[in-house]
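Note sheet for the following structure.
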Amino acid sequence: MSRYLGVDEAAAYLAVSRRWMYRESKRHGLPRYYFGGKLRFKIIDLDKWAQQQKVT
């Protein structure tokens with residue numbers, strides 16, 4: 001089962017600001033979902049996205 005995080009939870013999970021989540025998540029290609037009038041993120045999507053940001 002997929003768990004969805006709100007903006008504050010997702011920001012804490014990625015160690016970024018709430019503002020970054022609203023402003024930059026779309027620009028950086030982070031999968032986002034809107035339901036109930038609120039922005040949500042799946043934990044599995046956050047993990048996949050973070051792995052893609054690896055610097056070599």
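Counting each DSSP H run of 4 or more residues in the chain as -39500 (n - 2.57), what helix-only mean residue ellipticity at 222 nm follows after dividing by all residues, to the nearest 500 deg cm²/dmol?
-12000 deg cm²/dmol
For a quick protection proxy, order the peptides 33-43, 3-13 by their average other-Cβ count within 10 Å, most packed first.
Answer by packing, highest mean first, reads 3-13, 33-43.
Work out Dmax and Rg for the chain from the C-alpha atoms and quote the Rg first, both in angstrom.
Looking at the chain, its Cα Rg and Dmax stand at 10.8, 39 Å.
Let me spell out the model: positive unit charges on the Cβ of Lys and Arg, negative unit charges on the Cβ of Asp and Glu, origin at the Cα centre of the chain. What dipole size does that give, in debye rounded to 20?
180 debye
Could you work out the local net charge near Trp49, counting Lys and Arg as +1, Asp and Glu as -1, over the other residues with Cβ closer than 13 Å to its Cβ?
So the surrounding residues net to +3.
Calculate, for Tyr4 and Thr56, the FRET efficiency according to 1/(1 + (r/R0)^6) with r their C-beta to C-beta distance and R0 35 Å; round to the nearest 0.05.
0.65
Any read-out appearing in this document is the output of simple, stated calculations on the displayed coordinates, not a laboratory observation. What you see is a predicted model, and the numbers here were worked out from it, not measured in a lab. Every residue, glycine as well, gets a Cβ built from its backbone with ideal geometry; the counts of neighbours run over all protein chains shown.
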